[in-house]
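Here's the structure we're looking at; comments come further down.
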Amino acid sequence: MSENIPHVLILGGGFGGLSAANEIRKSLPSFKVKITVIDKKDWFMVGFAKLWIMNGTRTFENSIGFLKELEKKDIDFIKEEILQIDLQNKTVKTSTQNLSYDFLIIAMGATLAPEKISGLTQYGMNLYDHNELSKINQKLNEIKSGNIAIAIMGMPYKCPPAPFEAALLINSMLNQLGKRQSIQIHFYSPAPITLPAAGPEVSQQILDLVNSEKIFFHDSSKTISVEKNKLIFENDKANFDLLLAIPPHVVPDVIIKCGLAKEGGFIKINRDCKTPFENVFAVGDVTSLPVGEKFAVPKAGIFAEGEGITVAKNIVSKIQSKDDSALFDGIGGCFIESGRNTASLIEVDMFSESKPTTKLTESSKEHLDEKLQFEKDRITNWL
């Protein structure tokens, strides 16, 4: 291979990484640019499929695509752990090799950190961990009565509507099993409203939706620790028989070590998704993109995808020595399933007149079909 072909190295095979890889390859053939994706897992899943595995309507095997399929598009895939990012020498160290790059896209996502809440791994279950989903399904089938607690334990977290969807789907599942009457569902959030990123109006609509199913929403409940059958909040306590937690999210350690983010923070980017280092970009859940003074782009696949496409366009124009510069448009949407074979769509425009605008559509069967199609399109088009 000729030495002068630029190498784009993409860390992470999720929404951001896959959209970027595909967009670059669509624009430039393999003799113009080499693309490599690295991920420690060899599969991709649209995050919301986890809730279908949780409620038993889907299996893990039927919800994934394999990253090695990228190779048929002349995109290399390496399944390895990323151990070190050396921004000065433009290299990335994995478990077995050192890779050099001309362009780096960091799309590693956020890491789940249940260990940050004392007692959580011992007494609760992680709703966002694919390894725990079938066990959660088993527990939901076994529970006969008592309290199910769903608790958001850190902000920001991935896919903001998902915990509310989980509550609605569990409600539906317990109704089908004929035992919902003897089980209470309590939802705890550290935020003052259901979905701060969506604003007060949409938050109220979501609150109305969960209230209509007799799911109790407890706002401003900051979890400090978990004991056996007990949640300890800053100012209160609550009992549970089954705890499903959304644990705190952090950046991967390598990101802090290379100096791109501080402990407890994420990589700060603007709408061009550039970092302070030349030709180094970051997209998706590993980043924080502020919107005005009070908001940030939510951590959701659709936004990671948009950022990935933005970065791809900027890299392509740089390789072609053009001056074009694309900015992420901040437009996207998240589905929220009702548990009644319908879904609503939260439509979001993060940068409309410098403050986010959101709208919640009516719940319909069509939106649920769109949700399934969204998943299918990503897996078939990217892989």
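Only the coordinates and a few stated rules stand behind these numbers; no lab work does. Just so it is clear, the model here is predicted, and its values are computed rather than measured. We place every Cβ from the backbone using ideal geometry, glycine too, and count neighbours over all the protein chains shown.
A few comments on the model shown:
- The coefficient of translational diffusion for the chain, derived via Stokes-Einstein from the alpha carbon Kirkwood radius under 4 °C and 1.567 mPa s, stands at 60 µm²/s.
- Highest-first arrangement of 202-209, 24-31, where packing means the average Cβ count within 10 Å: 202-209, 24-31
- Phi angles of segment 327-342 translate, via the Karplus equation with coefficients 6.51, -1.76, 1.60 and θ = phi - 60°, into HN-Hα couplings of 10, 5, 7, x, 9, x, x, 10, 7, 9, 7, 8, x, 10, 6, 9 Hz per residue; Gly and Pro are given as x.
- If you take the Cα centroid of segment 1-57 and the Cα centroid of segment 99-128, the two points sit 18 Å apart.
- Protection-proxy order for peptides 301-312, 247-258, each taking the mean of Cβ atoms within 10 Å per residue, highest first: 301-312, 247-258
- Each peptide in 95-106, 129-140, 7-18 receives the mean, over its residues, of other Cβ atoms within 10 Å, and ordering these scores from highest gives 7-18, 95-106, 129-140.
- Compared with the dominant Cα axis of the chain, that is its longest principal axis, helix 133-142 is turned about 10°.
- For the chain, DSSP calls about 50 percent of its internal beta bridges antiparallel.
- Note that segment 264-354, at 10 °C in a medium of 1.306 mPa s, gets a Stokes-Einstein diffusion coefficient of 111 µm²/s from its Kirkwood radius over C-alpha pairs.
- Close amide H partners of Tyr188, meaning residues 5 or more places away or on another chain with modelled amide H under 5 Å apart, are Ile150, Ala151, Ile152, His218.
- Across the chain, Cα pairs under 8 Å and at least six residues apart give a relative contact order of 19 percent.
- Karplus-derived 3J(HN,Hα) values for segment 303-314, using 6.51 cos²θ - 1.76 cosθ + 1.60 with θ = phi - 60°, are 6, 4, 4, x, 5, x, 5, 4, 4, 4, 4, 5 Hz; glycine and proline are entered as x.
- Over every Cα atom in segment 155-297, the radius of gyration and the widest Cα-Cα span, Dmax, amount to 18.3, 59 Å.
- Helix axis angle, 365-382 relative to the chain longest principal axis, alpha carbon, degrees: 30 degrees
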